1. Among the numbered criteria (1) at pLDDT below 90; (2) surrounded by 10 or more Cβ atoms within 10 Å (Cβ to Cβ); (3) among the small types (Gly, Ala, Ser); (4) outside any loop (DSSP other than H, G, I, E, B), which one does Ala24 miss?
2. Across region 61-88, which residue is farthest from Gln49 (Cα to Cα) among those that are loosely packed, with under 14 Cβ neighbours inside 10 Å and either aliphatic (A, V, I, L, M) or in contact (Cβ under 8 Å) with a residue 40 or more places away in the chain (or both)?
3. For region 42-61, check the following and say yes or no: at least one residue is modelled with pLDDT under 90, of a type in the set (Gly, Ala, Ser) and not in a loop (DSSP other than H, G, I, E, B).
4. Go through region 46-60 and give me each residue that's of a type in the set (Ser, Thr, Tyr) and surrounded by 13 or more Cβ atoms within 10 Å (Cβ to Cβ).
Amino acid sequence: MKLIKRDLILCIAFTAFVFICALAWGSPFIGGAPGSGATAAQTQAHPAQATVFRGTVVRNGGQFVLRDGSGQIFGLDDPAQAQPFADKAVAITGMLDRDARMIHVERIEAAMA
């Protein structure tokens, strides 16, 4: 009986530890980033405006992505525009689709050093 109690307590402790780690980790386990709770109605009421994203264009499998300074990865919807900038620091002007983590590219320029 003591072994069963011990195993049960260890199982509960481990589960609590994993849950706390998942909460601390954040967005990979919880839908969306903190503070990005825009609803569809809010998005339609306030159309998205082009934003400048800075980082490095890298190839991820068969597609090109932008890796920003914090290490986050965003897909790029125009591989033809991104290919000449592979492995280079860039400034991308476009709109972010938060749900798909995809940047709809308007323009890509080499970043100034």
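The values are calculated or read from the model by the stated rules, or taken from the named source; none is laboratory data. Since the model is a prediction, treat every value here as computed from it, not as a measurement. Counting neighbours? That spans all protein chains shown, and the Cβs are built from the backbone with ideal geometry, glycine included.
1. Here Ala24 meets the rest and fails (2).
2. Residue satisfying both the conditions and the ranking: Ala86.
3. Checked region 42-61: at least one residue is modelled with pLDDT under 90, of a type in the set (Gly, Ala, Ser) and not in a loop (DSSP other than H, G, I, E, B).
4. Of the residues in region 46-60, the ones of a type in the set (Ser, Thr, Tyr) are 51, 56.
The answer is Thr56, and nothing else.
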